[in-house]
Amino acid sequence: MKLRILTVILSVCLAFCSCGNTSGYRLDGFAMNTMVSVTVYGKESENNASAALREITATENKISWNVKSSETAKINAAGGNEIFAPTAAELIGELLPVCKATDGRYSLTLRELCDLWGIGTEKADLPSEVDISAALKKCDCEIFVSGDNVTLSNPSAALDFGSVGKGYACDKVYDLLKSNGADAAVVSVGGSILCFGQKNGGFTVDIATPGNINNSLGSLKFDTTAFISTSGSEERFFEKDGKKYHHIFDAKTGYPLISELKSVTVVAKSGAMSDALSTACFILGKEKSTELLKSYGADAVFVTSKNEIFVTDGLSDKFTLINNDYVLK
Amino acid sequence: MKRPFFRPSDIILVAALLVFGGVFIFMPKNEGKTVEIMADGELKATLPLSIDTEYAVGEVVVVIEKGAARIEKSDCKDKICVGTGKLKNKGDTAVCLPNKVSVRVSGYRETDGVTW
């Protein structure tokens, strides 16, 4: 009889325990000019969440062109001289092959062009062709990496990690959570997401409907660590004379890229790569992206301007359509 | 010795199951549903979805009415946040990026993140 009572007590305890470990500790913040959210599960979740937020800001301070003391700002102010910049050097080393795969249409030195167009700011406007070609000349630059040092071939060019900074911050948080032995976590730096470790029920990450961050196009399910990023033309743009101008430029023309796609979501092995590949795939289009994705072991969800959705093989069992204005092919 | 159909300990077991089972079955579905209003990274307010109210963060006005929250007014250009409409289910979120304000319902099923 005593044994039975004990069993009852134990099973009730178990029932409550299994309820307890499903809720994580969440902290929201603002960094890299966007919303940041960190949810950590398991032991030390509060400490890990605040450490993760700090890590994101620390990463911003290291690589943002906007932060005066950053490696990037130092490189940009160096007038073509070699600068010791270990973080930038590592990132550039990873990214240059992706730029090359787009035939230079994806570039890390378009700062001048972004300033000229001002897309996403109050002063966004259609520049003159003369101004665009002048800006393109300033952006035309080779980046040399030697060990921990970085040199720009064109002294008037400026490096800008805006296309990969959010994903790279996810990489840094991944390293931190791994060394702290966290069980599971979800990190959002704007639209760049890290699902870390393993938790009950896995991870559900929604892809926003292009043009409406508050509406879900579809949903991706992951059992374990994944890095997810999206690039699209409906995220930041301005309209003039009934024409839309978005924020992803073609480095060859100096104009917003003309694409058959509304957006590309990429799942890759690192955050910097999911960010870089989503931009590169948006530039390349669906057909030409296949090879690039394969070479990085990455997968993608393509959304075309005809509201069709194409999912690569690695994600076909993970993707569920939610928005019925779109057709899954 | 013949085993009785019910032992005193069985009564304890059945009673325990009824009590705890009842707690889970009769828990109202929108129990604890709240609206979290964040601004510039800080949690400004956690309001119950069940009480009609109005809450302003700077120029962004959040209204809770008949069990749903919405961003009623904002001074931003695109008004995507206002266009989002009613937030009822857990995870429903309206974001006004220009004002760095987010309104999110905590409730039952929710996603871990949104990529855009």
For A:LEU220, are the conditions met, namely being away from chain B (no Cβ under 11 Å) and out of contact with any Gly (no Cβ under 9 Å at 6 or more places or on another chain)? no
Considering the stretch B:98-108, residues that are assigned to a loop (DSSP other than H, G, I, E, B) and within 18 Å of B:LYS44 (Cα to Cα), and then whichever is nearest to the other protein chains (Cβ to nearest Cβ), we arrive at B:LYS100
For helices (runs of 4 or more DSSP H) lying entirely in the stretch A:8-101, having 3 or more residues that are more than 11 Å from chain B (Cβ to nearest Cβ) and at pLDDT below 95 picks out A:45-63
Only unsatisfied item for A:PHE161, checking (1) assigned by TED's automatic domain parsing to the domain that holds A:THR304; (2) surrounded by 24 or more Cβ atoms within 10 Å (Cβ to Cβ); (3) of a type in the set (A, V, I, L, M, F, W, C), is (1)
Can you name the condition, by its number, that A:LYS68 falls short on among (1) exposed (fewer than 14 other Cβ atoms within 10 Å of the Cβ); (2) basic (Lys, Arg); (3) under 23 Å from A:ASP183 (Cα atoms)? (3)
Look through A:ALA272, A:ALA226 and report the one residue that is of a type in the set (A, V, I, L, M), touching a helix residue (DSSP H, G or I) at 6+ places or on another chain (Cβ under 7 Å) and at pLDDT 95 or above. A:ALA272
Which of (1) touching a residue at least 12 places away in the same chain (Cβ under 8 Å); (2) within 26 Å of B:ALA94 (Cα to Cα) is the odd one out, the single condition A:ASN214 does not satisfy? (1)
Residue among A:LYS269, A:LYS244 that is surrounded by fewer than 19 Cβ atoms within 10 Å (Cβ to Cβ) and under 13 Å from the mean Cα position of the chain (by Cα): A:LYS269
Among the listed residues A:SER133, A:SER179, identify the single one that is surrounded by fewer than 19 Cβ atoms within 10 Å (Cβ to Cβ), more than 14 Å from A:THR87 (Cα to Cα) and not assigned by TED's automatic domain parsing to the domain that holds A:THR225. A:SER133
Looking at the structure I just gave you, is A:LEU53 assigned by TED's automatic domain parsing to the domain that holds A:PHE30, of a type in the set (A, V, I, L, M) and surrounded by 14 or more Cβ atoms within 10 Å (Cβ to Cβ)? yes
Of all residues in the stretch B:57-97, count the ones that are without any contact (Cβ under 8 Å) to a residue 24 or more places away in the chain, of a type in the set (A, V, I, L, M, F, W, C), in a strand (DSSP E or B) and more than 9 Å from chain A (Cβ to nearest Cβ). 3
B:LYS66 meets each of (1) farther than 23 Å from A:VAL38 by Cα; (2) within 16 Å of the chain's Cα centre (by Cα); (3) buried (at least 16 other Cβ atoms within 10 Å of the Cβ) with one exception, condition (3)
Check A:PHE196 against each of (1) surrounded by 22 or more Cβ atoms within 10 Å (Cβ to Cβ); (2) farther than 30 Å from A:GLU122 by Cβ; (3) within 9 Å of chain B (Cβ to nearest Cβ) and name the one condition it does not meet. (3)
Would you say A:ASP125 is touching a residue at least 12 places away in the same chain (Cβ under 8 Å), surrounded by fewer than 16 Cβ atoms within 10 Å (Cβ to Cβ) and within 22 Å of A:ASN33 (Cα to Cα)? yes
Could you grab the pairs with beta carbons closer than 8 Å, sequence gap of 6+ or different chains, first residue in the stretch A:39-52 and more than 21 Å from A:ASP171 (Cβ to Cβ), second one among the charged types (D, E, K, R) and surrounded by 15 or more Cβ atoms within 10 Å (Cβ to Cβ)? A:LYS43/A:ASP183
Filter the stretch A:227-236 down to the residues that are surrounded by fewer than 22 Cβ atoms within 10 Å (Cβ to Cβ) and out of contact with any Pro (no Cβ under 6 Å at 6 or more places or on another chain), then identify the one that is nearest to the other protein chains (Cβ to nearest Cβ). A:GLU235
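The values are calculated or read from the model by the stated rules, or taken from the named source; none is laboratory data. If you're wondering where the values come from, they're calculated on a predicted model, not measured in any experiment. So basically every Cβ, Gly included, is an ideal-geometry build from the backbone, and we count neighbours across all protein chains shown.
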